[in-house]
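Colleague: A single structure is presented below for examination.
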Amino acid sequence: MPATPHLIGLDVGSTTVKAVAIDPATGAAVWSGYERHETRQLEKALEFLQRLEADLHVDREPCRIFVTGSGGQALAPLVGGAFVQEVTALSVAVERLHPDVHAVIELGGQDAKIIVFQDDPVSGHRKKIPSMNDKCAGGTGAVIDKINAKLRIPPDRLGDQGFAGIRRHPVAGKCGVFAETDINSLQKAGVPPDELMASLFEAIVLQNLTVLARGHTLRPAVLLLGGPNTFIRGLREAWQHHIPKLWAERGVAVPPGRTPEELIYAPDHAQYFSAIGAVIFGRDEDDETVGRYRGTAALERYLAVGRREARRASGTRGLSASPGELAAFRDRFAPKPFVPAVFRAGDVVQGLVGLDGGSTSTKAALLSPDGDVLCTAYQLSQGNPIRDTIEIVGRLRGQVEAQGARLDVLGVCTTGYAKDVLRDVLRADAAIVETVAHTESAVKYYGRPDVIVDVGGQDIKIIVLRDGRVKDFRLNTQCSAGNGYFLQATAEAFGVPLDEYAGRAFSAHSMPVFGYGCAVFLQTDIVNFQRQGWTANEILAGLAAVLPKNVFLYVAKMPHLSRLGTRFVLQGGTQRNLAVVKAEVDFIEAAFEGSGERPEIVVHEHCAESGAIGAAVEAQRLWRLGRKTTFIGLDAVAGIRYRTTRSEETRCHFCRNACLRTFIDIGEAEAEAAPAPEAQVPAAFRSAVPKAAGERRLIVATCEKGAAEDPDRLRAIRATLDAARRANPNLVDEAARSVWKMRSPAIVADPVPARAWTRAARARAEARRRRPQLRIGLPR
């Protein structure tokens, strides 16, 4: 049988395209390519095939092509290729190239697979037990990509990111959204990026070993495949750290003299194994006409015409029905430019400062004593709330001093994720929860709204009011679907700046229809829509359209909006995106159809800074009550120097949980009162982290006990908490305890005289004595 020139394997994955060309005579790879497709699967595949044709002249030879991967089934018939299921392709490659391997772990962009090979003693054949994620992209390369976009680690540094010897922290691995939330909280606590990424590697490894292994033991040797395992050293080290622990627990015999690095490894060309396996599987086909390459003409036609027709049936019109409707919407909701106050040189500007340390941005507002907004500042978070706050306060101060005036701060209040840390660092007068801050801001500007819709970076809050008082509220606690950060991350993945999101979305005349729900599922839908040819602008429009469904139906579970009231205030940083506002307005108005009422919808004129304004309103209230501010001062903020420590030396020992804490040591001009001498502090409670003279220590802990450094401080904290509980009893807890108390109610019946009681008792006894007795006898 004549040899067939060039066997081509093409792996079209969720984030990358891989291709190899094999010389069937020698079995050697003569061409290979691996590139991210940046959501353009078919276009990148076409580019690879065109390069193959140019480099190897395959258009002149009877080549065969075998396609695998999540996008391979749609591509294969367009080029004459044969589709090979990816688990099959991977298994064939491993069995042929590494017959001594007993388990395979492959991590892709959105796929994770574990294949266990077991020898059948009866038949002598090898049994394959595959397991693959099917409903969630948690524990895959997509999670690493998304979190690294937040940590901003350069690609070369990420590839060399280690695991061994780096301190790790608890991070949820069962869902990419939960992992991101944990990473965000740790980052706010000052944990450095290398520890965050090592913690993520550990979460991914433990998640896959727990869930995808399905209880099977991954006996040596174990092969690590896929792009993340190939290119990220720390991920390989995480597998090499945790799999041997399972071997020790389950009594698995390890070949003597072999190290974990030798038994758990990524082979050469690990990223190409699925493409190679597709070739091996297809080459064994007896029919040489299977997979005969037909060139790229049909693929080019599909990209030019056919795909547009196919997607038309599954989409809908864009965010606006006509240019006139869009123009009317912009006239109604386009934000009015804010003009900061003008000061004269030499003026002393008195003001109240509100700071909102959010999940993805930091905001500040300066209010006059009369409550007017003098100036605001907004910036995306750089990962450290203290550094962000130093910069944002400097920007606020600069707007006043640039005009030759001087700022005199009368009070400071904080809110947001980092409210407690910022309160302690700045010695602010108060720290209030975001629900209160956003309510204060909306009431200040719009009187008595019925519903406040706050969509932030990772938080979604629906606050329902009656007569200016909070009646009900809903807050996302387990999922960040429908939040601003997801839209921001998706836009960045498309290379679209955040301030261009709305313009790009409005330019789409049609858009795909997303199913509302978990952000991970939305990410999967994005890949599917990209495969169908939907452009980035159309996908961004579709995501904006699904956001109100996630907010009101998925998170808040409030389908009957007309029952909540008619005045809706939209605020939060995400409301700066007019595409999101358009979708929300359409959704709310549609909910009122048939009710006989029309909703009044307004966008807060300071929607991004609304939380900071609400905090400033609280600072104003305290100042009017005569509270003298404890704020450290603007010069002291500019000169803040701090160190962050989180290690075994900061672990709390005041209860059995022994949680890790974060110490933030802040340098100040004057030293605090001297701490208790070490000799007076029991050894078990001494902190091994030294504190320099003049430094003030803040402790970020999971409970109030952890905020203490010594037993005396712990007792003081307990006494304060006990006093607060006595002064503000929890009525729900009191009722819960009271309902189970033993009751001994007083007897309220009229007392019976003793003589009457005796006569009655004697009469009853006499009656019983005279009663005839029933006798049962046996027959004689």
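The values are calculated or read from the model by the stated rules, or taken from the named source; none is laboratory data. Since we're looking at a predicted model, the values are computed, not measured. Every residue, glycine among them, receives a Cβ derived from its backbone with ideal geometry; neighbour counts consider all protein chains shown. Side chains included, ligands, DNA and RNA excluded: accessible areas come from the protein's heavy atoms. Shrake-Rupley method; radii C 1.70, N 1.55, O 1.52, S 1.80 Å.
Colleague: Can you name the residue in the stretch 11-40 that is of a type in the set (Gly, Ala, Ser) and either crowded, with 16+ Cβ neighbours inside 10 Å or closer than 17 Å to Phe494 by Cα (or both) and is also nearest to the chain's Cα centre (by Cα) among such residues? So that I can check it myself, show each step before the final result.
Modeller: Taking the stretch 11-40 as the starting set, the residues that turn out to be of a type in the set (Gly, Ala, Ser) are 13-14, 19, 21, 25, 27-29, 32-33.
Then keep just the ones that are either crowded, with 16+ Cβ neighbours inside 10 Å or closer than 17 Å to Phe494 by Cα (or both); that gives 13-14, 19, 21, 29, 32-33.
Values: Gly13: 24, Ser14: 20, Ala19: 33, Ala21: 40, Ala29: 41, Ser32: 36, Gly33: 33 Å.
Looking at the filtered set, the residue picked out is Ser14.
Colleague: Just for the stretch 368-399: of the residues that are in a helix (DSSP H, G or I) and either more than 28 Å from Leu698 (Cβ to Cβ) or hydroxyl-bearing (Ser, Thr, Tyr) (or both), which one is least open to solvent (accessible area, probe 1.4 Å)? If you could, list the steps in order and put the result at the bottom.
Modeller: Pass one, the stretch 368-399, residues in a helix (DSSP H, G or I): 385-399.
In the following step, the residues that additionally are either more than 28 Å from Leu698 (Cβ to Cβ) or hydroxyl-bearing (Ser, Thr, Tyr) (or both) were identified as 389, 399.
On the way: Thr389: 5, Gln399: 55 Å².
It comes out as Thr389.
Colleague: Among the residues of the stretch 505-523, count how many are crowded, with 19+ Cβ neighbours inside 10 Å and out of contact with any Gly (no Cβ under 9 Å at 6 or more places or on another chain).
Modeller: The qualifying residues number 1.
Colleague: Of the residues in the stretch 348-360, how many are at pLDDT 85 or above, out of contact with any Pro (no Cβ under 8 Å at 6 or more places or on another chain) and surrounded by 14 or more Cβ atoms within 10 Å (Cβ to Cβ)?
Modeller: From the stretch 348-360, those at pLDDT 85 or above are 348-357; that's our starting set.
Then drop every residue that is not out of contact with any Pro (no Cβ under 8 Å at 6 or more places or on another chain), which leaves 348-349, 353-356.
Those still in the list that are surrounded by 14 or more Cβ atoms within 10 Å (Cβ to Cβ) too: 349, 353-356.
Residues meeting the conditions: 5.
Colleague: Oh, and also: Considering Ala638, Ala544, which residue is surrounded by fewer than 21 Cβ atoms within 10 Å (Cβ to Cβ), touching a residue at least 40 places away in the same chain (Cβ under 8 Å) and among the aliphatic types (A, V, I, L, M)?
Modeller: Working: Ala544 fails: surrounded by fewer than 21 Cβ atoms within 10 Å (Cβ to Cβ).
None of the other options fit; the residue is Ala638.
Colleague: Against the definition (hydrophobic (A, V, I, L, M, F, W, C), open to solvent by 50 Å² or more (accessible area, probe 1.4 Å) and either in contact (Cβ under 8 Å) with a residue 60 or more places away in the chain or outside any loop (DSSP other than H, G, I, E, B) (or both)), how does Ala345 come out, yes or no?
Modeller: yes
Colleague: Taking the residues in the stretch 153-162 that are in contact (Cβ under 8 Å) with a residue 24 or more places away in the chain and farther than 10 Å from Asp194 by Cα as candidates, determine which candidate is surrounded by the most Cβ atoms within 10 Å (Cβ to Cβ). Step through it out loud before you land on a result.
Modeller: Taking the stretch 153-162 as the starting set, the residues that turn out to be in contact (Cβ under 8 Å) with a residue 24 or more places away in the chain are 153, 158-162.
Filter again for farther than 10 Å from Asp194 by Cα, leaving 159-160.
Details: Gly159: 15, Asp160: 13.
Per the criteria, the residue is Gly159.
Colleague: How about the stretch 1-97: which helices (runs of 4 or more DSSP H) wholly inside it have at least 1 residues that are over 18 Å from Gly295 (Cα atoms) and among the basic types (Lys, Arg)?
Modeller: Fully inside the stretch 1-97 and qualifying: 86-97.
Colleague: Based on what the data block shows, is Leu326 in contact with a Leu (Cβ under 7 Å, 6 or more places away or on another chain) and open to solvent by less than 60 Å² (accessible area, probe 1.4 Å)? Steps first, please.
Modeller: Values: in contact with a Leu (Cβ under 7 Å, 6 or more places away or on another chain): no; open to solvent by less than 60 Å² (accessible area, probe 1.4 Å): yes.
The answer is no for Leu326.
Colleague: Would you be able to tell me the number of residues in the stretch 304-323 that are at pLDDT 85 or above and either surrounded by 15 or more Cβ atoms within 10 Å (Cβ to Cβ) or β-branched (Val, Ile, Thr) (or both)? First the steps, then the outcome.
Modeller: Residues of the stretch 304-323 at pLDDT 85 or above: 316-323.
From what's left, either surrounded by 15 or more Cβ atoms within 10 Å (Cβ to Cβ) or β-branched (Val, Ile, Thr) (or both): 316, 318-320.
Of the residues in that region, 4 qualify.
Colleague: Still on this structure, I have one more. Which residue out of Gln85, Gln73 is open to solvent by 30 Å² or more (accessible area, probe 1.4 Å), out of contact with any Phe, Trp or Tyr (no Cβ under 6 Å at 6 or more places or on another chain) and either among the aliphatic types (A, V, I, L, M) or more than 25 Å from Arg233 (Cβ to Cβ) (or both)?
Modeller: Working: Gln73 fails: out of contact with any Phe, Trp or Tyr (no Cβ under 6 Å at 6 or more places or on another chain).
Just a single option satisfies the conditions, and that option is Gln85.
Colleague: Only one of these is part of a loop (DSSP other than H, G, I, E, B), touching a residue at least 24 places away in the same chain (Cβ under 8 Å) and acidic (Asp, Glu): Glu584, Glu593, Glu605, Glu618. Name it. Full working, then the answer.
Modeller: Details: Glu584 fails: part of a loop (DSSP other than H, G, I, E, B); Glu593 fails: touching a residue at least 24 places away in the same chain (Cβ under 8 Å); Glu618 fails: part of a loop (DSSP other than H, G, I, E, B).
Glu605 is the lone residue from the list that is part of a loop (DSSP other than H, G, I, E, B), touching a residue at least 24 places away in the same chain (Cβ under 8 Å) and acidic (Asp, Glu).
Colleague: Determine which single condition Val732 fails, assuming it passes every other condition in (1) at pLDDT below 75; (2) in a helix (DSSP H, G or I); (3) over 25 Å from Thr644 (Cβ atoms).
Modeller: With (1) at pLDDT below 75; (2) in a helix (DSSP H, G or I); (3) over 25 Å from Thr644 (Cβ atoms) applied to Val732, the lone miss is (1).
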